[in-house]
Structures are given as structure tokens and as C-alpha cells.
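Here is the structure we will look at.
The values are calculated or read from the model by the stated rules, or taken from the named source; none is laboratory data. None of these values were measured; they are calculated from a predicted model. Cβ placement follows ideal geometry from the backbone for every residue including glycine, while neighbour counts extend to all protein chains displayed.
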Amino acid sequence: MTQTPDGTRPLILGSTSRYRRELLERLKLRFDVAAPEVDEAPLPGEAPHALALRLAIAKARAVAARHPRAIVIGSDQVADLAGEPLGKPGTHDKAARQLARMSGQTVVFHTAVAVVCHESGFMQTELAPVRVRFRTLAPDEIERYLQAERPYDCAGSAKSEGLGIALLDAIDSDDPTALIGLPLIRVARMLRAAGLMLP
């Protein structure tokens with residue numbers, strides 16, 4: 001297992017998301033990646049922000065149970081349209097329906113993070129809500145976007161780091177990478193609290 005640069009605990013990202021991996025690489029820390037293998041189905045009546053937080057904790061704990069010395073990051077994002085959770089569409093038709101529903105609406109993307117170390121007993125959680133206002137989208141705009149971007153693995157079907165930015169009127173966030181999937185301001189703060197050295 002990879003050691004962190006200061007020789008302390010290993011760092012593991014409990015996610016198979018390439019977006020989260022690319023974001024974490026910005027912090028210039030060596031880390032490993034492990035699949036958390038967690039059931040992501042919402043509980044009956046579960047609010048979107050509660051779902052995101054529960055899954056982030058579950059992912060971090062699942063990986064930390066297999067690697068008790070490591071500092072583990074778990075994260076999850078749930079799009080919230082008027083209190084209804086919107087997950088990853090998976091297919092073209094579902095993505096088109098999601099975007100049609102979000103047209104002209106404000107959607108809150110709840111990105112939750114948990115940092116856990118079993119051996120030290122460390123655990124912190126953070127929730128980074130991002131308010132996104134969508135333009136009014138014509139069906140042909142949605143179709144052109146989906147053909148170009150194919151965002152079927154993204155909550156809410158809108159990849160703000162890519163062409164999805166053209167679907168939006170405004171983004172309101174205090175942690176700018178949260179919408180992509182990992183709020184690095186919060187993550188850096190949590191990793192420092194866990195004992196890792198960052199600039």
C-alpha cells in the first residue's frame with residue numbers, strides 16, 4: 001500500500017469515480033483507490049442531503065474496515081429537485097427526462113464527504129451544498145448536449161466541468177469543486193485534522 005509523503009498513514013479514496021480521483025490528485029498526495037461496494041439505494045422517505053451523507057459515511061467505513069491503518073475518504077453526491085433525489089441516469093432516455101424536469105429550475109447538488117481512520121478513531125463529515133440554476137432548455141438543446149457529452153454516470157446528468165456548463169444560468173457554492181464531486185476545500189481541512197501534511 002502507498003505511504004503518504006510524510007511517512008504517516010496511507011491515504012485511500014473510497015471511490016471508483018474518475019472525477020473524484022482527478023480532483024484528489026490536485027492535492028499532490030499519494031493515495032490508493034478502493035471500491036467501497038455499498039448499496040446506494042435510498043431509504044424510504046430519505047431526504048437527498050441525508051442520503052448523500054449516509055452513503056459517504058458508509059463508503060468510508062466500508063473501505064476503512066478493510067484497511068484499519070489508513071485514512072479513508074468516502075464521498076457521495078445527490079441532486080435534489082424540490083426535495084426529490086435524482087441519481088445517475090444510466091441511460092439516454094432517463095438523462096433526457098431528468099434534464100427536461102430541471103429545465104428552468106434550481107437544483108441543489110448535495111456533496112457529502114467522510115474521512116475515517118479505524119485505528120485512530122478519527123471520523124469527520126462535511127456536507128457541501130451547491131445551488132445550480134438551469135436555463136430553460138429546449139428539447140433539441142437537451143438532445144444535442146446528451147449526444148455530445150453522454151453524462152449518464154453523473155447525478156442529475158449535468159457535467160459542469162464539461163459542456164454541461166452551457167446548460168446553466170448560475171452556480172452558488174463556497175467550495176467550487178463540490179459540484180464535480182469532491183469539495184477540496186473541505187477535504188483538505190479534514191485531512192489536516194486527520195494528521196496529513198498539506199501546504
Check your understanding: Which residues, counting only those in the stretch 21-76, are small (Gly, Ala, Ser) and surrounded by 14 or more Cβ atoms within 10 Å (Cβ to Cβ)?
Key -> ALA34, ALA47, ALA50, ALA52, ALA56, ALA58, ALA60, ALA62, ALA64, ALA70, GLY74, SER75
Practice item. Would you mind telling me which numbered condition in (1) over 25 Å from TYR145 (Cβ atoms); (2) modelled with pLDDT under 95; (3) among the hydrophobic types (A, V, I, L, M, F, W, C) ILE185 fails? Key: (2)
Check your understanding: Do we have any residue at all in the stretch 2-12 that's touching a helix residue (DSSP H, G or I) at 6+ places or on another chain (Cβ under 7 Å) and surrounded by 16 or more Cβ atoms within 10 Å (Cβ to Cβ)?
Key -> yes
Exercise for review: Please give the number of the condition VAL130 fails out of (1) under 19 Å from ALA50 (Cβ atoms); (2) out of contact with any Phe, Trp or Tyr (no Cβ under 6 Å at 6 or more places or on another chain); (3) aliphatic (A, V, I, L, M).
Suggested key: (2)
Revision key, fill the gap. When (1) under 30 Å from ARG69 (Cβ atoms); (2) surrounded by 14 or more Cβ atoms within 10 Å (Cβ to Cβ) are applied to ILE142, the one that fails is (1)
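Hey, could you check the stretch 55-79 for residues that are touching a His at 6+ places or on another chain (Cβ under 6 Å) and outside any helix (DSSP H, G or I) and say which is modelled with the highest pLDDT?
Here is the first cut: in the stretch 55-79, the ones touching a His at 6+ places or on another chain (Cβ under 6 Å) are 64, 68, 78.
Imposing the further condition that a residue be outside any helix (DSSP H, G or I) reduces the set to 68, 78.
Details: PRO68: 96, VAL78: 93.
Selected residue: PRO68.
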Practice item. Sort out which residues of the stretch 42-54 are in a helix (DSSP H, G or I) and either under 13 Å from the mean Cα position of the chain (by Cα) or touching a residue at least 40 places away in the same chain (Cβ under 8 Å) (or both), and write them in order of number. Key: PRO48, HIS49, LEU51, ALA52, LEU53, ARG54
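When you check ARG18 against the structure, is it more than 26 Å from ILE165 (Cβ to Cβ) and free of Cβ contacts under 8 Å to residues at least 40 places away in the same chain, yes or no? Even if it seems obvious, please write down each step before you answer.
Values: more than 26 Å from ILE165 (Cβ to Cβ): no; free of Cβ contacts under 8 Å to residues at least 40 places away in the same chain: yes.
It is false that ARG18 is more than 26 Å from ILE165 (Cβ to Cβ) and free of Cβ contacts under 8 Å to residues at least 40 places away in the same chain.
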Practice item. Tell me, yes or no, whether the stretch 113-131 has at least one residue that is surrounded by fewer than 22 Cβ atoms within 10 Å (Cβ to Cβ), over 27 Å from GLU25 (Cβ atoms) and not charged (D, E, K, R). Key: yes
